[in-house]
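Some notes on the structure that comes next.
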Amino acid sequence: MTSISSQVILHPAVSQSIKLGSTTLGRDKLYRAVQYFSRFLAWFLLSRGHKEQAAKWNALKSHLALGRKLMRIGKPVEHLQAVLRAVQAYSASETREQITTIGRQLAYFGYLTYDTIVWANAVKFITLKPDTAQKINKTSNRFWLAGILLSITHGLLKAGRLANEAKKLRSKSSEKDIGTEADRELKQRTLELARSGTRQQFIIDILDVWVPAANLGLVNLNDGILGIFGFITSVIALRQQWHVAGKK
């Protein structure tokens, strides 16, 4: 019995789960997945007339959303740091990617800053007039939408550049000055990993963009669709963090 318990408790998957849960980003992605699944389930139950059950899932969604806002306090500074790194990191050939990266990070800085005010008002730490709270919430969503649109633009630009680099690498594969075969394969693998990461982020952005757009009334999508979109992107992001936790 003890042996079985040890095998279960000390299983690598359990250890990896603990590592994932020990990071703020890992918890955030997990909570986000549950939050958006709850949003979908509340909509589904309500559409079937199960009001009491729907209210439970709706309450869980609301509390998780509020809790995630708390975890993100201080995160705007990370985006300011990302702006400075973007200014220093890019070469002259990647100017458009640099501009979209800086714009995206500044937009996320604005979004999370206003989102902190939304949280402070929600927990009654500060008291805002209803119309003021609504304006701040709207501004937060505008920044969020701008950040995602800039991220989509950045993804398209980066995907195009990586595709060109991969094409050039393939065209030079038979030339002697390309270096050793091992070097060429390493460059190819690096490019493929970068392209895969860019594609994943693009999928996340394409699905996530509808959430702030719906919040601003630009599109008319129900909570079921938005819940599924948010759940899918949360699972993709959670999977990425799972692999990161596995490497530690």
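Under unit Cβ charges (Lys, Arg +1; Asp, Glu -1), what dipole magnitude, rounded to 20 debye, does the chain have relative to its Cα centre? Working shown, then result.
Working: 36 positive and 17 negative charges, 55 e Å.
Result for the chain is approximately 260 debye, rounded to the nearest 20.
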| field | Electrostatic dipole magnitude of segment 75-217 [Cβ: Lys, Arg +1; Asp, Glu -1; Cα centre; debye, to 20] | value | 200
| Gain upon complete extension [residue 240, residue 156; 0.36 nm per residue less C-alpha separation] | 28.2 nm
| said: Which of the three applies to segment 8-89, rounded, prolate or oblate, going by the alpha-carbon gyration tensor with a ≥ b ≥ c and a/c under 1.5 meaning rounded? | reply: oblate
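Assign one of three labels to segment 75-217, namely rounded, prolate or oblate, based on the Cα gyration tensor with a ≥ b ≥ c the square roots of its eigenvalues; rounded applies when a/c is under 1.5, prolate when it is not and a/b is larger than b/c, and oblate otherwise. Mind dumping the intermediate values first?
Working: a/c = 3.57, a/b = 2.78, b/c = 1.28.
Because a/c hits 1.5 or more and a/b exceeds b/c, segment 75-217 counts as prolate.
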| request: Report the full-extension gain for the segment residue 15 to residue 188: residue separation times 0.36 nm, less the Cα-Cα distance, to one decimal in nm. | output: 59.0 nm
| field | Efficiency of FRET from Cβ geometry, residue 232 and residue 170, R₀ 25 Å, rounded to 0.05 | value | 0.15
| Cα axis of helix 181-208 to longest principal axis of the chain: angle in degrees, 0 to 90, nearest 10? | 20
| request: As a check on your grasp of the helix formula, calculate [θ] at 222 nm for the chain: sum -39500 (n - 2.57) over DSSP H runs of n ≥ 4, divide by the residue count, round to the nearest 500. | output: -29000 deg cm²/dmol
| Roughly how tilted is helix 75-89, in degrees to the nearest 10 and between 0 and 90, from the longest Cα axis of the chain? | 20
| said: Under the rule a/c < 1.5 gives rounded, and otherwise a/b versus b/c splits prolate from oblate, where does segment 1-139 land using the Cα gyration tensor? | reply: oblate
| task | Lys and Arg at +1, Asp and Glu at -1: add these up for the other residues within a Cβ distance under 12 Å of residue 69 and post the number. | result | +2
| Mind checking which of 103, 26, 197 has the largest fluctuation in a GNM of the chain, springs on alpha carbons under 10 Å? | 197
| note | The exposure ranking of 38, 62, fewest beta-carbon neighbours within 10 Å first, is 62, 38
| Quick one: what do you get for the chain if you divide its Cα Rg by 2.2 N^0.38 Å? | 1.21
| said: For the chain, what does the relative contact order come out to in percent, with C-alpha contacts under 8 Å and a separation of six or more? | reply: 28
| field | Relative contact order computed over segment 47-126 (Cα-Cα under 8 Å; 6+ residues apart), in percent | value | 38
| Positive-end residue of 154, 70, 99, charge dipole of the chain with Cβ unit charges | 70
| task | Taking the chain as the reference, fit the longest principal axis to its C-alpha atoms, fit the long axis of helix 51-71 to the helix C-alpha atoms, and give the angle between the two in degrees, 0 to 90, nearest 10. | result | 50
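Values quoted throughout were computed directly from the atomic coordinates according to the rules given, and no laboratory measurement underlies them. Keep in mind the model is a prediction, meaning the values are calculated, not measured. Heads up, the Cβs are rebuilt from the backbone with ideal geometry, glycines too, and the neighbour counts pull from every protein chain shown.
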